[in-house]
Amino acid sequence: MCARNSIYTNPKPCKHLADYKLRHGFNTYDSIRNCLKTTPNGRTRVAKHTTKIPRCSFCDRYQGRLYFCLMCSSLWCPTHILLHTQSEKGHEVAIDTDRSELYCCLCCDQVYDPDFDKVVVCNQVKDLPGGSKSKTNRFEASGERSSKRKRLDSGIGLDLKKSKLLVSMRDRRAKSCYPLGLRGLNNLGSTCFMNSVLQALLHAPPLRNYFLNDRHNSVQCRKRSGEKLCLLCDIDAISSAMFSGDRTPYTPAHFLYSWWQHSSNLASYEEQDAHEFFISVLDGIHEKESKIRNSGKDDGDCQCIAHRAFSGLLRSDVTCISCGFTSTTYDPCVDISLNMDTSNLSSSNANKPIKPDEKTSASTLSGCLNLFTRAERLGSDQKLHCQNCQELRDSSKQLSIRRLPLVLCLHIKRVEHSLVRKISRKINQYMQFPFSLDMTPYLSSSIVRSKFGNRRITFEYDNSNSSAAYEIFAVIAHSGMLESGHYVTYLRLKNQWYKCDDAWISEVDEGIVRASQCYMLFYVQKLLYNKANEDSSFVRISPRRDPFESTAGCS
């Protein structure tokens, strides 16, 4: 991949890690060999204690991520590792105990070091069946694991036999009955936000069918446009890799670079918001296909795959309180952002994690949707000009859904802003959501008919009951704090849930999914969901066939 383009190289090394290696060399790396333990699924972790539960040296916390200081071997939680670094000079570098990845406490980011990777790979090869149990020199076994900021131009390789065994051990968790398309994505440096959204997008039936149908041909695209970087071409490449049958984690480096070119303001190794990334990718797809089609149509009539799959139409009714005159406007949307319904919670419990099995009133998706479509009286500072009264009047506003999309994306707002304190915090409250969702009560047709006494009113986009029925197929969850959290995706394939945690894929119970702190929910029309489940092979379809032609309810 790198031989074709020299721009795909290693990220710049961390200055603090370089200074650390200059002072201490490789002594610390060698000394931690005995602390590296390989789990049955091929994951390497740092296990300092064999009997005690690892805890933070400051707050005694044991849940979540912990960091192992390379200098003093102490353990710290994400909150207090920076405090330790600031109080102890030279203690800038630590190891993420769960992933065995280097972490710079001053850069607040994972860092990549090939020499550290050699130590980890040596340990993995040693633990393989038939692997050497003797201590291996750090330069004897060379190779690269799937790590953050993985080198893309690697020429290093393990012994072929041991390499195959290593892949086999890593893939032991992948059952032969796993559906085709389940494949991990390597983290390239705090890119869990990207991996989580890509997993959801590539398993959305309309997009999956689009790329497997070869509706975007990369060769023809480059010939036609002459552009070396194309977001659609890179998504097509990822889709082909995901459904190739290969279970080893894939590195979406070309896509990351293409996305950086499209969204230069977000080009960094810092953690980004998954929802912003989702909107940015759909925007990139729309721009590319608009150039190909030379289309100047509005989003509502756009025939690009992004809008064909995700585009819906919102209706906004603003009613004058004095005379009852209603002004109606329509806005296209690719997702719906919902406020958390905290009406049943006290202010002290609003930010407390509430699990589904606790006997406490929790936020529900239906409550959030009711809140979204409820009439709201606008404040005195938001008076609008009434066309009937011909002056500024108090008014109320009500939103509803005029037209439903094929794929419904619901964004749960988990960030709370305080204007008084001028701070933001994450809402950790759990939310109950159904796997089968009926959107009929939130349609404009239902809301307007209810307002006018259920009279017979005809609507241009009157969704039938069948196209208002949805099934969930993906959940993006966020754990941790606002500044340093982690995204994972739960995929529902053939009514079985799978957790996609960067490079790691595992089968999970639906209770795990329901208990997650959902951030983005992806539903697809029920007819399309059932049709996707019938296709158990996920084979490549003829490029002449339109992936939308047999789908009911498609605009």
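The values are calculated or read from the model by the stated rules, or taken from the named source; none is laboratory data. Since the structure is predicted, the reported quantities are computational estimates derived from the model, not experimental observations. Cβ placement follows ideal geometry from the backbone for every residue including glycine, while neighbour counts extend to all protein chains displayed. Side chains are part of the model used for accessible areas, which takes the heavy atoms of the whole protein and leaves out ligands, DNA and RNA. Shrake-Rupley method; radii C 1.70, N 1.55, O 1.52, S 1.80 Å.
Quick notes on this structure:
- Residues whose placed amide H lies under 5 Å from that of I321, excluding near-sequence neighbours: D394, S395, S396
- Between K451 and F26, the modelled labels are 7.2 nm apart [label points 7 Å from Cα along Cα→Cβ].
- Ordered from largest to smallest accessible area (heavy atoms of protein chains, 1.4 Å probe), the residues K499, K531 come out as K531, K499.
- Counting only protein chain heavy atoms and rolling a 1.4 Å probe, the accessible areas of E507, E376 rank, largest first, as E376, E507.
- Ranked by the mean number of other Cβ atoms within 10 Å per residue, highest first, peptides 383-391, 189-197, 72-80 order as 189-197, 72-80, 383-391.
- Mean-position separation - Cα centroids, the range 497-512 and the range 422-436, in angstrom: 20 Å
- Label-point separation, E287 to T364 (7 Å along Cα→Cβ), nm: 4.2 nm
- Under-5 Å amide H pairs with C518, H placed in peptide plane, nonlocal only: M431
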